[in-house]
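Inspection log for the structure reproduced underneath, given as structure tokens.
The values are calculated or read from the model by the stated rules, or taken from the named source; none is laboratory data. Since we're looking at a predicted model, the values are computed, not measured. Positions of Cβ are backbone-derived with ideal geometry, glycine not excepted, and every protein chain shown enters the neighbour counts. The area values use the complete protein model at the heavy-atom level, side chains included, leaving out ligands, DNA and RNA. Shrake-Rupley method; radii C 1.70, N 1.55, O 1.52, S 1.80 Å.
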Amino acid sequence: MKTKIQSLTTGSLAGGILVFSLPLVLSNVLQIVFNLSDVAVVGRFAGDTALGAVGSTTIFVSLFTGFLIGIGAGVNSLAALFFGARDDRAVTETVHTSFIIALAVGVILWLAGTLSANAVLTLLGTKAEFFDGALLYLRIVFTGLPALALYNFGSAVWSAVGNTKKPLAFLSAAGVLNVILNLVFVIVFGLGVAGVALATVISQYVSAVLTVASLTKAEGSFRLTPKSLKFSAGKAKRVLALAVPAGCQNAIFAVANLFIQSGVNSFDATTVEGCTAGANFDYLVYDVMAAFYVAASSFMAQNLGAGKRSRILKSYFLSLFYSFAIAALIGGVIALFPKAFLSLFTADGTVAAAGARRMRIMGLSYCVSAFMDCTIAASRGLGKTAVPTFIVIMGSCVFRVIWVYTVFAHFGTVDSLYLLYVFSWTLTAAAEIAYFAAICRRTVRDLSLKP
């Protein structure tokens, strides 16, 4: 079948990045809406205890899903580089090797998550009334990690070649199914926490099957075919060199946030439930912004492969502008009207008040994270991930842990926990930008020296 793709190396960059990113924005918004439906259904029809149980798992789940998203980001950067260079053989080898890597990583994380769930929940100080529900939720949700790995792989390949509409279509179909199954499992069958977990897993496998199947029917060097499903050690090394640091970057945030979650868990159940409800909007903003990070990486990698140096830095600045602007807009609305959004998840006024406290601080802070995350994605587009990962470890992991044991320990307020985000983003962004400026100058200079 004829595959429609968007050229990332010609035409208007401002318009091209928007056309490329909008389907990703819609995909990510739909994903968040579908995820929020899990929380909304369980909060409204299974009670605040079930809501707290699901919320207690959020950071632990994001540790694994963030790593898988990072693996996809690495696949995206390398595939886009070879596609821009019109190296068909390299694209084919990258796609098939990445499929094997993604499946293997998904299975490994499923087993690791299942085996460590009890210990991690205990380490986090999960409250007794939430513990059993949280453990059940994790054990079910982790069975969907192999499917999530394959969906992220497929979405990364399609984005690398300039087609972001297919992942949107597949996610939409799976997401509608997720919402329907949520309602059926929780309201009709009364499965509570287990119901929303089952709905999530089933929808993940549907999206994975649709995405992989579409690649087997694609036309071009990125087509996935059984006879070409071979492991290339050379390509695996390059994929992993980009993907593992990218995955670790995402996972590192989750690790640092585990310490923050333990701080939240030190407050009463109302604060924990309010934080859970308010945190849902973090993922809405982050994922909308992430669409422009994918654009930065994809456009920069393809234009690097094509040797078009004038488009490389411009792609970064435009992606940064778009991600900052959308975060400022959405975050501002959330900060102004927090209780209107929180009414979707809880009818308890005290829980809503606790959530609103978090949302006002975070709503005004989201846009700062664009300077950090977009710059990390831009470095990845230039094939650099090791140093950005180290910077993230220091600025968004070590710094946050130090903050928890110093600033938070001193003030002992939940506000002092929420404020650490904007401080860590600012510190990390400054270092990431300094590094990116240096490697970008070197990359552009090397391109100008090529015959």
Cα-Cα over 24 Å: which of Lys165/Lys339; Lys235/Lys314; Lys217/Lys237; Lys237/Lys384; Lys314/Lys384; Lys166/Lys217? Lys165/Lys339; Lys235/Lys314; Lys217/Lys237
Run through every distinct alpha carbon pair of region 70-194 and return the Kirkwood hydrodynamic radius in angstroms, one decimal place. 16.8 Å
Between Phe189 and Ala438, how high is the FRET efficiency from 1/(1 + (r/R0)^6) when r is the Cβ-Cβ distance and R₀ = 60 Å? Nearest 0.05. 0.55
Roughly how tilted is helix 349-363, in degrees to the nearest 10 and between 0 and 90, from the longest Cα axis of the chain? 30 degrees
When only alpha-carbon atoms are used, what values of Rg and Dmax, in angstrom, describe region 14-106? 18.2, 55
Which loop-located trypsin sites (Lys or Arg not before Pro) does region 216-296 contain, where loop means any DSSP state but H, G, I, E or B and the Cβ has at most 12 other Cβ atoms within 10 Å? Lys217, Lys230
When the convex hull of the C-alpha atoms of region 342-436 is computed, what volume per residue in Å³ does it have? 104 Å³
Treating the Cα atoms of region 128-195 as identical point scatterers in vacuum, please give the log10 of the normalised Debye intensity I(q)/I(0) at q = 0.15, 0.27 Å⁻¹, two decimals. -0.66, -1.14
Please give the net charge around Ala256, taking every other residue with its beta carbon less than 15 angstrom from that of Ala256, where Lys and Arg add +1 and Asp and Glu add -1. -1
Can you give the net charge of the other residues whose Cβ lies under 12 Å from the Cβ of Leu121, counting K and R as +1 and D and E as -1? +1
Give me the one-decimal Kirkwood hydrodynamic radius in Å for region 173-260, with the sum taken over alpha-carbon pairs. 16.5 Å
Measure out, as a whole number of angstrom, how far apart the alpha-carbon centroids of region 87-132 and region 293-368 sit. 26 Å
Compute and list, largest first, the equivalent-ellipsoid semi-axes of the chain from the alpha carbon gyration tensor, each √(5λ) rounded to a whole angstrom. 35, 25, 19
For the residue pair Glu129 and Val401, what label-to-label distance in nm results when each label sits 7 Å from Cα along the Cα-to-beta-carbon direction? 3.2 nm
FRET efficiency for Ala386 and Arg445 from the Cβ-Cβ distance with R0 = 22 Å, rounded to 0.05, comes out at 0.60
Å³ per residue of the Cα convex hull, for region 383-438? 62 Å³
Eigenvalues of the Cα gyration tensor times 5, then square-rooted: what semi-axes does that give for region 21-62, in whole angstrom, largest first? 24, 13, 4
Please list, by residue number, everything in region 164-192 whose backbone N is under 20 Å from a paramagnetic label point 7 Å out along Cα→Cβ of Val209. 166-185
Mind checking the log10 I(q)/I(0) for region 196-309 at q = 0.11, 0.13, 0.17, 0.22 Å⁻¹? Debye, one equal scatterer per Cα, no solvent, two decimals. -0.67, -0.89, -1.28, -1.43
Give me the angle, in degrees from 0 to 90, between the Cα long axis of helix 165-183 and the longest principal axis of the Cα atoms of the chain, rounded to the nearest 10. 20 degrees
Sites Val29 and Lys314, calculated FRET efficiency, Cβ-Cβ separation with R0 22 Å, nearest 0.05: 0.25
Please work out the average accessible area per residue across the chain, using the 1.4 Å probe convention, and give it in Å². 39 Å²
Rg/Rh of region 290-365 (Cα atoms, Kirkwood Rh), to two decimals, equals 1.26
Counting only the heavy atoms of the protein chains, how much of Ser416 is accessible to a 1.4 Å probe, in Å² to the nearest 10? 10 Å²
Angle in degrees between helix 369-381 and the longest Cα principal axis of the chain, rounded to the nearest 10: 30 degrees
Length-normalised contact order of region 50-136, Cα under 8 Å, at least 6 apart, in percent, tallies to 52 percent
With each label point set 7 Å from Cα along the Cα-Cβ vector, what nm distance links Thr114 and Ser228? 3.3 nm
Give me the percent relative contact order of the chain, please, defined on Cα pairs under 8 angstrom at least 6 residues apart. 24 percent
Along the chain, longest interval not containing exposed chymotrypsin sites (Phe, Trp or Tyr not before Pro), exposed being DSSP loop plus at most 14 other Cβ atoms within 10 Å: 232-451
Here the net charge surrounding Lys235, from other residues whose Cβ is less than 12 Å away from its Cβ (Lys, Arg +1; Asp, Glu -1), is +2
What value, in deg cm²/dmol to 500, does the helix sum -39500 (n - 2.57) over DSSP H runs of n ≥ 4 give at 222 nm once divided by the residues of the chain? -27000 deg cm²/dmol
Expressed as a whole percentage, what fraction of the accessible surface of the chain belongs to carbon and sulfur atoms when a 1.4 Å probe is rolled over the protein heavy atoms? 70 percent
